[in-house]
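In what follows, a single structure is set out as structure tokens and then discussed.
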Amino acid sequence: MAMSATPTNPRLRAIRRWGLRGLALALGLYAPLLFFEGWLRQTGYGLQRDERLMLEPPGHDGLILQSDPELGVHLKPNLRWLETGFGGEFKRIEIRSNRLGYRGGDPVEPRPPGLVRIVCLGDSFTFAREVKEEETFCKVLERGLSGRLYRPVEVLNFGMGGAGTAQNLAVLRGPDRDLAQDLVICNFFLGND
């Protein structure tokens, strides 16, 4: 007796038919998305070129990142570039790194008397490449505390995309990172840290 490739049970045939339809639907939806993702990566859409700023060629994170034996990778110091952010519409966001290779301006040196210095550690949520520097929670915290403490407050953004708590600890222990901070805030996302 020869075996048929098509199931004889009507229920099995219906399951197979709907399974094949589901597979065709998934491939039909996934293939264009995969093509679009490839196009975005190839064109370097996320990093826009602007002659006013010191920019690297689009799409080459290796040109804004440098190798670090403790952290893996780290922003190169003293860079400025534009990112395309999201938030309902596309917008161009200027991002800068300070002399230490973190987002934002340089720490105030020498540290003036009465200055409250806070260091925020974390991953891409802390770095916040999708918003302007003044919209990051570090700068919002700085403005809020300055108004309530009636003292100057400096909040430094030491967030790095993909960083975990071990890398955050390495940031604090690293050379040239002793900033005599008064408080350290370590942010983490339970979904991947």
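The values are calculated or read from the model by the stated rules, or taken from the named source; none is laboratory data. It should be emphasised that the depicted structure is a prediction, and the values quoted were computed from it without experimental measurement. Don't worry about glycine lacking a Cβ; one is built from the backbone with ideal geometry, like all the others, and counts go over all protein chains shown.
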Specify which of the listed residues (Val131, Val155) is touching a Leu at 6+ places or on another chain (Cβ under 6 Å), more than 17 Å from Leu71 (Cβ to Cβ), surrounded by 12 or more Cβ atoms within 10 Å (Cβ to Cβ) and among the aliphatic types (A, V, I, L, M). Val155
If I filter the stretch 165-183 down to residues being surrounded by 15 or more Cβ atoms within 10 Å (Cβ to Cβ) and over 15 Å from Pro69 (Cβ atoms), which single residue comes out as modelled with the highest pLDDT? Gln181
Scan of the stretch 132-178 for residues that are β-branched (Val, Ile, Thr) and either under 23 Å from Pro113 (Cβ atoms) or without any contact (Cβ under 8 Å) to a residue 40 or more places away in the chain (or both), ordered by number: Thr136, Val140, Val153, Val155, Thr165
